[in-house]
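Read through the structure below, which is laid out as structure tokens, and then see the notes.
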């Protein structure tokens, strides 16, 4: 059980990283980004392209650091993967969402457009990389046996550290910088933000970049924790949304707690039922929250 | 209030505007001189708020002209107008609820490149009630304090003029009193010219230098606050007297 809680915290940290981006986007663009899971996949595959093809072609072959199954090349690959995915998210905004936004369509139309973007992204991944799954490294996966029956891989410690460093980084940005505060202001009250001189479109572009980059990092971490495959992000969509709704949609702090709770509950559930029911667990949590406390456990942040 | 021509700060000439196909203002003409408090009163649906929104560029003017500080601003968007020295306080949703009081003020200063701290301190001195709650999310404050945050946010750019849309709406009577005192303070201490729309016509006229009565999208009567208060017809129609 303790072991499941630990693996739940690791999965939960990955969910959190995706969920904070999703909830931030919701606050700014006002629709649920159904392509968020596939942005995770895209990030994971770009990192795979870096570690398996581009860096080796440059003569840089990854050598594992200490007990880890990967080395610096893997870690450096985060940057291009996050950058490219962030730009892809901006491209999707320019090509699809902005045009719809200018026509003032309802949020549901934007969400469905995001679903279409998700399908396109996944199809492109299938075409380029095929349906097989991949591992970032062929290195040996060491396992530490800790008390209370906890098994932990050194890789997972890195997953935890990277995920939380990014989440903390994002929160610091949102709390301390002028641009971060302006983003929160825009999510709070778009009309007042506009009369205060905050440039809405620039902020939306920035939010897509941040959302895409964070999703990419979450995807890579998921790939390190398990493996890289085309449906990896799509299957995360339900837990991502469940985490966001659990924390109160649009509430950045709620997403943090929601992600952790989701991860732990999903993993612990495997003690009682088949792991293939994990998505159902996320679904049940989401339905329960919507029925009992639709504003999420931390209340809504949108009302004034 | 000065005698020479430079006293005129805002001039609205024969402005027609509305939403979509619907014409709300059928030709409004008014002016505000430097240092004045001017109130715009009238029955519900007369288009009072539309006047302010048209001046601020939130509602496009179909015809007519708005001149501020000698320059036409008729076709400018709000983000340009705000840079020229007019700030606007909407009637509702005039704060960022999840941001702290201090962050609300910082967002008011978003366009400033220079150090806004001195102005922030002046605002805290003017509104000591909110100074004690700098770190409180503005949405958690009482109605009166939220209104002060809204005023404070609008004053961070040190505007020459404030446009207030029903500042006393939805507040308890005691708080209404406080808000009107605050408006007078802003006008006297900070030297900000004020054009406000008010439902609470009597109170508004009591603190105003001049007022306009707007009926059906046209201004009907103009006068000093005292004249309008003494006018029997207006008293009967709008002042509940």
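The values are calculated or read from the model by the stated rules, or taken from the named source; none is laboratory data. What you see is a predicted model, and the numbers here were worked out from it, not measured in a lab. Counting neighbours? That spans all protein chains shown, and the Cβs are built from the backbone with ideal geometry, glycine included.
Considering each of A:110, A:49 in turn, give the residue that is buried (at least 19 other Cβ atoms within 10 Å of the Cβ) and within 21 Å of the chain's Cα centre (by Cα).
A:110
Could you figure out which of (1) surrounded by fewer than 18 Cβ atoms within 10 Å (Cβ to Cβ); (2) at pLDDT 95 or above isn't true of residue B:43?
Against the list (1) surrounded by fewer than 18 Cβ atoms within 10 Å (Cβ to Cβ); (2) at pLDDT 95 or above, residue B:43 comes up short only on (2).
Which of the residues belonging to the range B:183-202 are surrounded by fewer than 19 Cβ atoms within 10 Å (Cβ to Cβ) and either at positive phi or touching a residue at least 24 places away in the same chain (Cβ under 8 Å) (or both)?
Hits for the range B:183-202 are B:184, B:185, B:189, B:190, B:191, B:199, B:202.
Considering the range B:96-118 alone, what residues qualify as being in contact (Cβ under 8 Å) with a residue 24 or more places away in the chain, under 23 Å from residue B:194 (Cβ atoms) and more than 7 Å from chain A (Cβ to nearest Cβ)?
B:101, B:104, B:105, B:109, B:112, B:116, listed by residue number.
For the range B:120-134, give me each residue that is touching a helix residue (DSSP H, G or I) at 6+ places or on another chain (Cβ under 7 Å) and surrounded by fewer than 15 Cβ atoms within 10 Å (Cβ to Cβ).
Within the range B:120-134, the subset touching a helix residue (DSSP H, G or I) at 6+ places or on another chain (Cβ under 7 Å) is B:120, B:123-124, B:126-127, B:129-131, B:133-134.
Listed by number, the list holds a single entry, B:134.
Which of the residues spanning the range B:63-76 are surrounded by 14 or more Cβ atoms within 10 Å (Cβ to Cβ) and free of Cβ contacts under 8 Å to residues at least 60 places away in the same chain?
B:64, B:65, B:66, B:67, B:73, B:74, B:76, listed by residue number.
Which of the helices (runs of 4 or more DSSP H) contained wholly in the range B:101-207 include at least 2 residues that are under 23 Å from residue A:195 (Cβ atoms)?
Filter on the range B:101-207 gives B:101-108, B:117-126, B:143-155, B:173-189.
Tell me whether the range A:174-193 contains one or more residues that are more than 23 Å from residue A:31 (Cα to Cα), surrounded by fewer than 22 Cβ atoms within 10 Å (Cβ to Cβ) and away from chain B (no Cβ under 14 Å).
no
Checking the conditions here, which among B:152, B:143 is buried (at least 19 other Cβ atoms within 10 Å of the Cβ) and within 13 Å of chain A (Cβ to nearest Cβ)?
When all the criteria are applied, what remains is B:152.
Against the definition (crowded, with 24+ Cβ neighbours inside 10 Å, modelled with pLDDT under 95 and in a helix (DSSP H, G or I)), how does residue A:243 come out, yes or no?
Against the criterion (crowded, with 24+ Cβ neighbours inside 10 Å, modelled with pLDDT under 95 and in a helix (DSSP H, G or I)), residue A:243 qualifies.
Considering each of A:170, A:152 in turn, give the residue that is under 30 Å from residue A:223 (Cβ atoms), in contact with a strand residue (DSSP E or B) (Cβ under 6 Å, 6 or more places away or on another chain), touching a residue at least 12 places away in the same chain (Cβ under 8 Å) and away from chain B (no Cβ under 14 Å). Break it down stepwise before answering.
On the way: A:170 fails: in contact with a strand residue (DSSP E or B) (Cβ under 6 Å, 6 or more places away or on another chain).
The conditions single out A:152.
Table: residues versus (1) within 21 Å of residue B:208 (Cβ to Cβ); (2) within 14 Å of another protein chain (Cβ to nearest Cβ); (3) modelled with pLDDT under 95; (4) surrounded by fewer than 18 Cβ atoms within 10 Å (Cβ to Cβ).
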position	(1), (2), (3), (4)
B:30	yes, no, yes, no
B:50	yes, no, yes, no
B:59	no, yes, yes, no
B:79	no, yes, yes, yes
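Right, residue B:88: free of Cβ contacts under 8 Å to residues at least 24 places away in the same chain, within 12 Å of chain A (Cβ to nearest Cβ), under 26 Å from residue B:195 (Cβ atoms) and surrounded by 15 or more Cβ atoms within 10 Å (Cβ to Cβ) or not? Don't jump to the end; show me each part of the working.
Numbers: free of Cβ contacts under 8 Å to residues at least 24 places away in the same chain: no; within 12 Å of chain A (Cβ to nearest Cβ): yes; under 26 Å from residue B:195 (Cβ atoms): yes; surrounded by 15 or more Cβ atoms within 10 Å (Cβ to Cβ): yes.
In short, no.
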